[in-house]
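Quick notes on the structure that follows.
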Amino acid sequence: MKKIITLGLLLALGLSANMIEDGINAAKQGKNKEALSAFEKACDSKIAKGCMYSAQAYAKGNIVKRDNLKAMELFAQSCELDLGEGCITTGSAYYYGRGVKKDYDKAEKYLDKACSLGEANGCFILASMFDLGQKGKRDEKRALKEYTRACDFGSMAGCKFKRQMEESKH
C-alpha cells in the first residue's frame, strides 16, 4: 500500500512540474492564453508557482484584463501554499496600500509568514512597521527581532538597522 501511495505522489509531483513547464514554454512562444491556462490549472492543483504566475498575469493585465482583486487573491493563495514571494507581494500590497486598502494587521500576517519562509525582505518590511510604530506604539523589541531575522537571511539593510538599534542602547 505504501508503494502505491508513494508512486501516486511521485506521479502527481511530475504532473505538477509539467503544468508549470508547459505554461513557461507556452509563454516563451507567445501563447499567453495557453500559458495562463496551464498556470491556472497548476494553481487549482495547489501548486504555489501556478498561483503566482496567474496572479502576475492579472496584476499586469497584458494577457487578461487587469484585475487587482483577482491578482491579490492569487498572490495570497500562493502564500498559503508556502511561496515566500507570494507572501511578500501580498504583505507589501497591504503595507503600502497598492491595489488594496492599507491594512497593517494583514500586512503583518503575510510579511511574518514570508519572513518565516526565509524571505529577508519580508522580515525587513515587518521590522520597519514596528520600528515606525505603524500599528500604534513603536515596538523596538519586535523591530530589533525582525531586523535580526532580516540580517540573518542576508539583508544588508536589516544588518545596518539592527546594528544601529543595538548601538543606540549602549
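Let me confirm something: among SER155, SER116, which residue is surrounded by fewer than 21 Cβ atoms within 10 Å (Cβ to Cβ) and among the hydroxyl-bearing types (Ser, Thr, Tyr)? Can you show your working first?
Details: SER155 fails: surrounded by fewer than 21 Cβ atoms within 10 Å (Cβ to Cβ).
Among SER155, SER116, only SER116 is surrounded by fewer than 21 Cβ atoms within 10 Å (Cβ to Cβ) and among the hydroxyl-bearing types (Ser, Thr, Tyr).
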Selected residue (criterion: modelled with the highest pLDDT) from residues of region 23-38 that are over 22 Å from ALA76 (Cα atoms) and either of a type in the set (A, V, I, L, M) or buried (at least 18 other Cβ atoms within 10 Å of the Cβ) (or both): ALA26
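Looking at region 140-149, is at least one residue more than 25 Å from ASP67 (Cβ to Cβ) and exposed (fewer than 13 other Cβ atoms within 10 Å of the Cβ)? It would help to see each step written out before you state the result.
So in region 140-149, the residues more than 25 Å from ASP67 (Cβ to Cβ) come out as 140-149.
Among the residues that remain, those that are also exposed (fewer than 13 other Cβ atoms within 10 Å of the Cβ) are: 141.
Yes: one or more hits.
Kindly evaluate GLY118 against the criterion of being outside any helix (DSSP H, G or I), over 28 Å from LYS28 (Cα atoms) and touching a Gly at 6+ places or on another chain (Cβ under 9 Å).
The answer is yes for GLY118.
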Condition met for LEU144 (in contact with an Asp or Glu (Cβ under 7 Å, 6 or more places away or on another chain), of a type in the set (A, V, I, L, M), at pLDDT 95 or above and closer than 18 Å to CYS115 by Cα): no
Criterion (more than 26 Å from LYS109 (Cα to Cα), buried (at least 17 other Cβ atoms within 10 Å of the Cβ) and at pLDDT 95 or above) met by exactly one of LYS41, LYS49: LYS41
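The values are calculated or read from the model by the stated rules, or taken from the named source; none is laboratory data. It should be emphasised that the depicted structure is a prediction, and the values quoted were computed from it without experimental measurement. A quick note on method: Cβ atoms are made from the backbone with ideal geometry, for glycine too, and the neighbour counts reach across all protein chains shown.
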